[in-house]
Structures are given as structure tokens and as C-alpha cells.
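The values are calculated or read from the model by the stated rules, or taken from the named source; none is laboratory data. Values in this document were obtained by computation on a predicted structure and should not be read as measured data. Neighbour counts are summed over all protein chains in view; Cβ atoms, including those assigned to glycine, are modelled from backbone coordinates with ideal geometry. Surface accessibility is based on the protein's heavy atoms, side chains included, excluding ligands, DNA and RNA. Shrake-Rupley method; radii C 1.70, N 1.55, O 1.52, S 1.80 Å.
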Amino acid sequence: MKAAVHSRYGPPDVVRIAEVDEPPVGNKDVLVRVHATTVNRTDCAYRAARPFFVRMATGLTRPRRKVLGTEFAGVVEAVGGGVTSFAVGERVFGYNEGAFGAHAEYLSVPEDGMIATMPAGTTFAEAAPGTEGSHYALSFIRTAGIRAGQDVLVHGATGAIGSAAVQLLKSLGVTVTAVCDTANLELVRSLGADRVVDYTAQDFTRDTQTYDAVFDAVGKSTFGRCKRLLKPGGAYLSSDVGPWWQNLVLPLVTPLLGGKKVKFPIPRNDREMVRHLQELIENGQFRPVIDRQYPLDQIVDAYRYVETGQKIGNVIIEVVPLS
């Protein structure tokens, strides 16, 4: 099969298109003919091995998993003898961080992994980006214990995580203030934000409002800068470990001080999560924002674009040409 492979860590140019063996299908595995996948921040981090501790999971000197790709949408090609939840020909989507492999024509995933039937009425391109940003956004919401009637600020509201967070927060009855640049003010309003702050015109950390939680969906701020935005007992959460990995340390320290705190979201990677996302998409409570689409042969260009930091929502990779 054709796949995007990398045999060493580095910039986008380490990725190349090659012919590789199809993945094996175990007794409880589902073989998916991938139609669409994405390039996202997770793929970039594992490809470049940044931060360095990624290598503890992927290989100290060179990657053990040569085919990346976490999100997928496609058609079930074959199933193992013990599979009961899926049938050949079924349209499915899901998330496969750790094992990866979605940047290829075929992907083998366990039946009890993050895989579900595609949301009704969606195309492969619409379903493929339905899991990565949104499951991180759900982790933010659940870790912070957000409930209806609260006030939340989302910094980086145009990325995959941020655009999902705005929509999912609104579905819960939360009042959302979203931070983005001038060009995307209307997009973010269309996602449901009650108030939008243009960071090119003002420093959002000087906002006069206070919030039950601040979600830094792009990992470009700090607890120190955002602390003044929090109500008493409010929480700051970031998608990044922060300078000197402070967002892994402060969750241990700040609760002991009894005031404003840092929490670090650790997402659930299970079948219940992807089924919940399927329902949210079907119910119209969440729609992945799509920026650009590239054919698999141009995946290096997709990586380069994602790493500019300018993408809006998600970047789709067409493994099978999409109509």
C-alpha cells in the first residue's frame, strides 16, 4: 500500500511517500480503507520529536512508528474473526494516537479502540477531523468541571481544539469569550461565541471580565499572565506543557494554595469518547472547521502549512480523491 513514512525525526522533509506492507489484521481488529485523514499538531510533535520526552514513547534515536496519522475516515475493508461491532463496507471514523498509521491507504485498528460508525450525513472529509481537536476540547471541559451558566475564555479559538471548545461549551450552556485575530472574528462568532476579542487590537490578558476557566488552546500564554482573568477558585488549562514544563508542575502546587489553580487535561482515548463525538456531530452541536485539503502525495506541504501556526481548524489529507 501507499503511505507517508518517516524513518528519522526532523522537519516536514523527513516524510516521503513509499510502498509499504499492509498492516496485519488480528482476531479483534478492523481493517479500514482510509479515504481521508488529517495532519495536526499531534502528528507534527511526534514527527519532530518535540518536546524531547516524546521519544520515550516513539523511540529514542529513531521512530518506531514510521507511518503517522491519528484521525481517519474510511470504509471497513476486512474484519478479524472475533469482530462483532463492524461489518465489511461500513463507513467508519476514529482516532489512533500511539499506534498511528492513518497516513496510509489502509489502517488496522482494534475493535474496542476509538472507532465508530461515521456520523450520519457527513462526508469522509467532514468526519476525518472529528476526533483530535474535539477530544482534547472535551478533556479541557471535563477536567475543569465546567457546567451551564459559567463563563469561559478560549484563547486560540480558530485552531482544531479551540474551534471545537467554543462549540462544545455553547452546547453546555456556557457563556464563551473567544480570542482570535481580525480575519476570523466572524468565523468564531458563527461557532457560537458570545463575545470575541481581537488579540491583534488588544491584549486579551488585560480584559476587564473574569472567568471560571481560561482555556489556552494554543499553548501560547501562561498561568502567570492569565491568573488575573480568573474568578476566585477559577482554573487555567493549556494544551502545552508551558515554559519549563510548568503546566505539569503547577497542577500539583496550586490546589494546595486554595485559590486560582492550574489543571492539566489528560484526554480519554476510548470507544465511548468517539461515540460521544459521533452523537455531537449528528446532533449539530459540533462541526469540525476545515481549512485546506491536500492529496496524500502532497502531505509534506500540509505539514509545512500546519507548522506555520496559521491553520484555521483542520487540514485534511485526501488518501482517496474526494468528490
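Here are a few things to note about the model shown:
- Taking the stretch 53-94 as the range and being touching a residue at least 40 places away in the same chain (Cβ under 8 Å), open to solvent by less than 50 Å² (accessible area, probe 1.4 Å) and aliphatic (A, V, I, L, M) as the test, the residues that pass are Val67, Leu68, Ala73, Val75, Val76, Ala78, Val83, Val92.
- Being open to solvent by less than 20 Å² (accessible area, probe 1.4 Å) and closer than 26 Å to Asn314 by Cβ is true of Gly101.
- Checking Gly81 against (1) of a type outside the set (A, V, I, L, M); (2) at pLDDT below 95; (3) part of a loop (DSSP other than H, G, I, E, B), the condition it does not meet: (2)
- Of residues in the stretch 214-241 being open to solvent by 40 Å² or more (accessible area, probe 1.4 Å) and not in a strand (DSSP E or B), the one nearest to Ser134 (Cα to Cα): Val218
- Counted residues, the stretch 285-308 - those being farther than 22 Å from Ser139 by Cβ and part of a loop (DSSP other than H, G, I, E, B): 2
- Candidate set from the stretch 17-52 (those that are without any contact (Cβ under 8 Å) to a residue 40 or more places away in the chain and over 19 Å from the mean Cα position of the chain (by Cα)); member that is surrounded by the most Cβ atoms within 10 Å (Cβ to Cβ): Ala18
- Selection count, the stretch 141-179, where residues are part of a helix (DSSP H, G or I) and among the hydrophobic types (A, V, I, L, M, F, W, C): 9
- Test: residue in the stretch 202-213 that is assigned to a helix (DSSP H, G or I) and within 19 Å of Phe286 (Cβ to Cβ): no
Residue-by-condition table, conditions (1) of a type in the set (A, V, I, L, M); (2) open to solvent by 20 Å² or more (accessible area, probe 1.4 Å); (3) more than 19 Å from Gly145 (Cβ to Cβ):
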residue	(1), (2), (3)
Pro243	no, yes, yes
Leu252	yes, yes, no
Leu257	yes, yes, no
Pro267	no, yes, no
Phe286	no, no, yes
Arg304	no, yes, yes
Thr308	no, yes, yes
Ile316	yes, no, yes
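- The single residue among Thr131, Thr123 that is touching a Gly at 6+ places or on another chain (Cβ under 9 Å), among the polar types (S, T, N, Q) and either surrounded by 21 or more Cβ atoms within 10 Å (Cβ to Cβ) or in contact (Cβ under 8 Å) with a residue 40 or more places away in the chain (or both) turns out to be Thr131.
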